[in-house]
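Structure first, commentary second.
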Amino acid sequence: MTRVLVIDDEPQIVRALQINLKARGYEVHLAGTGTSALKVAAQHPPELVILDLGLPDFDGVDVIRGLRGWTEAPILVLSGRTDSTDKVEALDAGADDYVTKPFGIDELLARTRAVLRRSAIGQDQPVVTVGGATVDLAAKRVTLETGEDIRLTPTEWHLLEVLVRHPGKLMSQRQLLTEVWGPGYETAGGNLRFYMGQLRRKLEPDPARPKHLLTEPGMGYRFEP
């Protein structure tokens, strides 16, 4: 049974989440403040966290940082904040995905399943499929179903590797730029857009309508297996 920690101070939302998650077989623990959330997480280590950013004692981003100090459990942010700055700050702190209030319970449950898939797949999977291509992380090789190699530049490979090692995870532009290009490139969004375009042309059956290397406007990118 997957253990879920719901961190929110709105009773109606908490009740709806608790009922729907329990009905689908999840073990649910609740916290209404950042302080209690960290205590509950320590007592019952979660396999998934659903977190509101607007908590009464301190900001939810600080809760993310506190959890990320010791757990890799997926964190799904649920918040009324719609500004892209808030979303990116949460992602940079370690959140895996972001749902804006008001939300549909079906959408939230779908996002929950998606972030749990990432956790189940794991980051050390040696072979990943992207459309009709096979990415062998150990051999650093990308091949088509015909056995033909797809040639990638070192930068293209590094970007692809970072994305496929985090399947389903929404990664901010800043995260990807820092991972691939290093410190000092956090604002080089043009580089990122160019290389994402190159990867789509080489790996997506229809680069204009990508199914695996996705853009989340205003937030970043994600790899959908």
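The values are calculated or read from the model by the stated rules, or taken from the named source; none is laboratory data. Just so we're clear, the structure is a prediction, and the values are computed from it rather than from any experiment. Every residue, glycine among them, receives a Cβ derived from its backbone with ideal geometry; neighbour counts consider all protein chains shown.
What to note about this one:
- Restricting attention to region 24-67, the residues that are without any contact (Cβ under 8 Å) to a residue 12 or more places away in the chain and touching a Pro at 6+ places or on another chain (Cβ under 6 Å) total 0.
- Residue count for region 212-225 under the criterion of being within 14 Å of residue 164 (Cβ to Cβ) and outside any loop (DSSP other than H, G, I, E, B): the result is 5.
- Residue list for region 155-172, restricted to those being of a type in the set (A, V, I, L, M, F, W, C), farther than 19 Å from residue 88 by Cα and surrounded by fewer than 21 Cβ atoms within 10 Å (Cβ to Cβ): 157
- Qualifying residue in region 105-122 (condition: touching a residue at least 24 places away in the same chain (Cβ under 8 Å) and more than 18 Å from residue 170 (Cα to Cα)): yes
- Within region 211-225, tally of residues that are surrounded by fewer than 15 Cβ atoms within 10 Å (Cβ to Cβ) and of a type in the set (Gly, Ala, Ser): 1
- Looking only at residues of region 1-58 that are in a loop (DSSP other than H, G, I, E, B) and touching a His at 6+ places or on another chain (Cβ under 8 Å), we find that the one that is surrounded by the most Cβ atoms within 10 Å (Cβ to Cβ) is 46.
- Whichever residue in region 136-187 is small (Gly, Ala, Ser) and within 20 Å of residue 96 (Cα to Cα) and, among such residues, is modelled with the lowest pLDDT: 168
- Comparison of 134, 187 shows that the only residue that is without any contact (Cβ under 8 Å) to a residue 60 or more places away in the chain, in contact with an Asp or Glu (Cβ under 9 Å, 6 or more places away or on another chain) and among the hydroxyl-bearing types (Ser, Thr, Tyr) is 134.
- Flag for residue 155 being over 25 Å from residue 75 (Cβ atoms) and either in contact (Cβ under 8 Å) with a residue 60 or more places away in the chain or among the polar types (S, T, N, Q) (or both): yes
- For region 120-128, the count of residues that are in a helix (DSSP H, G or I), under 17 Å from residue 224 (Cβ atoms) and at pLDDT below 90 is nonzero.
- Test result for residue 208, of a type in the set (A, V, I, L, M, F, W, C), surrounded by fewer than 18 Cβ atoms within 10 Å (Cβ to Cβ) and modelled with pLDDT under 90: no
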